[in-house]
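The values are calculated or read from the model by the stated rules, or taken from the named source; none is laboratory data. Model, not experiment: these values are computed from the prediction. Every residue, glycine as well, gets a Cβ built from its backbone with ideal geometry; the counts of neighbours run over all protein chains shown. For the accessible areas, the whole protein counts, side chains as well, though only heavy atoms, and no ligand, DNA or RNA atoms are used. Shrake-Rupley method; radii C 1.70, N 1.55, O 1.52, S 1.80 Å.
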Amino acid sequence: MAGQPRGEQAALTRLLFNAMPLHYLIFDTSDNADGTGTWEAMASVRAPQLPAVLAEVQAVLAWAEAHAPGPRGPLDDGGAWDADQHVQTEGDWITVTFTVIGPCAWGEALLAEFMPEDE
């Protein structure tokens, strides 16, 4: 998307992200007193569904990076937002845990992009 005018880039970004509604990740939201929020999602699937879950994680990360409110990194170290992903296997089940932290308005915009109210 580099080299495209900003308006075209934003339109392409919307097209790409709107084409991928979340089917596995469901986010729980918690607000912190300092104006930041935490959005946590977990999905437990069997191996055939793992690529779809990881694609959802990557789509959310791509949106977060494209609309970053500042540098990514631990908030205590000067980052504006951060994300963390863990994958754990237990028997036939694989659990993906995904957490995003950042400014409340930014996180709410992220959720609105992937989980429109009309769905």
Pairs returned, first residue in segment 103-119 that is more than 15 Å from A59 (Cβ to Cβ), second residue that is modelled with pLDDT under 85, beta-carbon separation under 7 angstrom, 6 or more apart or interchain, are E119/P21
Quick check: anything in segment 86-98 free of Cβ contacts under 8 Å to residues at least 40 places away in the same chain and either touching a helix residue (DSSP H, G or I) at 6+ places or on another chain (Cβ under 7 Å) or in a helix (DSSP H, G or I) (or both)? no
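Find the residue count for segment 72-85, including only residues that are open to solvent by less than 60 Å² (accessible area, probe 1.4 Å) and either without any contact (Cβ under 8 Å) to a residue 12 or more places away in the chain or of a type in the set (S, T, Y) (or both).
3
Determine whether E65 is open to solvent by 60 Å² or more (accessible area, probe 1.4 Å) and either of a type in the set (S, T, N, Q) or not in a helix (DSSP H, G or I) (or both). Steps first, answer last, please.
On the way: open to solvent by 60 Å² or more (accessible area, probe 1.4 Å): yes; either of a type in the set (S, T, N, Q) or not in a helix (DSSP H, G or I) (or both): no.
No.
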If we ask which residues in segment 31-52 are touching an Asp or Glu at 6+ places or on another chain (Cβ under 6 Å) and open to solvent by 70 Å² or more (accessible area, probe 1.4 Å), their number turns out to be 2
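Taking T99, is it modelled with pLDDT of 95 or more, open to solvent by 40 Å² or more (accessible area, probe 1.4 Å) and closer than 22 Å to V45 by Cα? Before you say what the answer is, go through the steps one by one.
Working: modelled with pLDDT of 95 or more: yes; open to solvent by 40 Å² or more (accessible area, probe 1.4 Å): no; closer than 22 Å to V45 by Cα: yes.
Taking the combined requirement at face value, the residue does not satisfy it.
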